[in-house]
Amino acid sequence: METKQRRNNGLKDHENSKAFKVFLIVLNCILLSVGQVSGPILLRLHFMHGGKKKWLNAWLLNAGFPILTLPIAISSARARTTRLVVTPWLFTVSALLGFLLGLDGYLYSFGLFYLPVSVSSLLGSTRLAFTAIFAFIIVKHKFTHYSINAVVLMTLGSTILGFHADGNRPRGESDGKYVLGCFMTIGAAALHGFIMPALEYTHLKSGTAITFNLVMQIQLLISMFATLFCTVPMIINKEFQAIPKAAEEYELGPTKYYTMLLLTAIAMQFLIMGSIGLIFSSTSLFGGLVSSLLVPVQQVFAAILLDEQFTPEKGIALAMCLWGFASYLYGKYNLNYKNSGAKNETEDEAI
């Protein structure tokens, strides 16, 4: 009787833990969606109306990290502790990944300066393939035919967006700068594809339990060091001093200029928060799949807000991405169902 009671308590704790994990996954998916859809559009709007500083835009991708102090403070107050839960190992690796993320932000910002959102998101979506490759190499991620099917479908779906993309090329853009923007964006995708599995590997090697406070502190450190990486060249190039002048020359006026900078910093912090949160609550591959799923969604909003064309190819890409993502979810459900059934049979035999 006592053994049965302990087992029931254990099952209840497991269910509560599983429900909390699902909640974290859903929350991070929402944050990633808001950031990935709105962030690039805000950056492109900034460039379209007179913003010309690439390092400033790269700096904005991570400069919103101070807002993380609020959830960290609330979480610490509830736990009645002000102790830093990040270990020296996690601190060191977070600093290194932060510098890489800062470089990744510059490459992405440089590419977006010369490319429309539709083409930039197309090339950026190749990070799913890079993430899958690095996840296999770094964290030895095991692929099923469902996950392989999802990666192939979503990569092909995103690639379809390249058809007729030249029609969205910014006016007056030279072929050389357009090609350079493409290479820089692909480079950013490859680097991002490495960072995600590297972060997952870092957590696996740390042996630290996943908590909300831990994830927030790691994101704070990564974003802080990424911002520091972009701050140094901004100081050297005197871009901070040029901000007031840029605001005066901005086509929409100084108020909207500063508002755009603030909203971009917040949106991109949501993107990073959701991306890192998914890695800790799920896997780097799942985070890459969600990110690729949002690529066609970006096309819809770009067509509405930036007057970019929403072609039939983009509709097909959206359908293929949804199909691929549904395939992955079905595979996960199937695997969990089988594991749950096997576990119940083992427990029944033990009784």
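The values are calculated or read from the model by the stated rules, or taken from the named source; none is laboratory data. Being a predicted model, the structure only gives us computed values, none of them experimental. Using ideal geometry, Cβ is built from the backbone for each residue, glycine included, and neighbour counts are taken over all protein chains shown. When the accessible area is computed, the model is the full protein with side chains, heavy atoms only, and any ligands, DNA or RNA have been set aside. Shrake-Rupley method; radii C 1.70, N 1.55, O 1.52, S 1.80 Å.
For region 221-249, filtered to residues that are in contact (Cβ under 8 Å) with a residue 40 or more places away in the chain and among the charged types (D, E, K, R), the residue that is surrounded by the fewest Cβ atoms within 10 Å (Cβ to Cβ) is 249.
Let's see how each residue does on (1) of a type in the set (S, T, N, Q); (2) at pLDDT 75 or above; (3) farther than 20 Å from residue 96 by Cβ; (4) surrounded by 19 or more Cβ atoms within 10 Å (Cβ to Cβ):
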| position | (1), (2), (3), (4) |
| --- | --- |
| 121 | yes, no, yes, yes |
| 147 | yes, no, yes, yes |
| 156 | no, no, yes, no |
| 176 | no, no, yes, no |
| 186 | no, yes, yes, no |
| 205 | no, yes, no, no |
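For the criterion of being closer than 19 Å to residue 293 by Cβ, of a type outside the set (Phe, Trp, Tyr) and modelled with pLDDT under 80, residue 214 fails. Checking each residue in region 188-203 for being more than 19 Å from residue 87 (Cα to Cα), surrounded by fewer than 23 Cβ atoms within 10 Å (Cβ to Cβ) and either of a type outside the set (A, V, I, L, M) or in contact with a strand residue (DSSP E or B) (Cβ under 8 Å, 6 or more places away or on another chain) (or both) picks out only 194. For region 39-64, filtering for residues that are at pLDDT 85 or above and open to solvent by 40 Å² or more (accessible area, probe 1.4 Å) leaves 1. One residue alone among 218, 316, 304, 266 is open to solvent by 10 Å² or more (accessible area, probe 1.4 Å), under 30 Å from residue 96 (Cβ atoms) and of a type in the set (Val, Ile, Thr), and that residue is 266.
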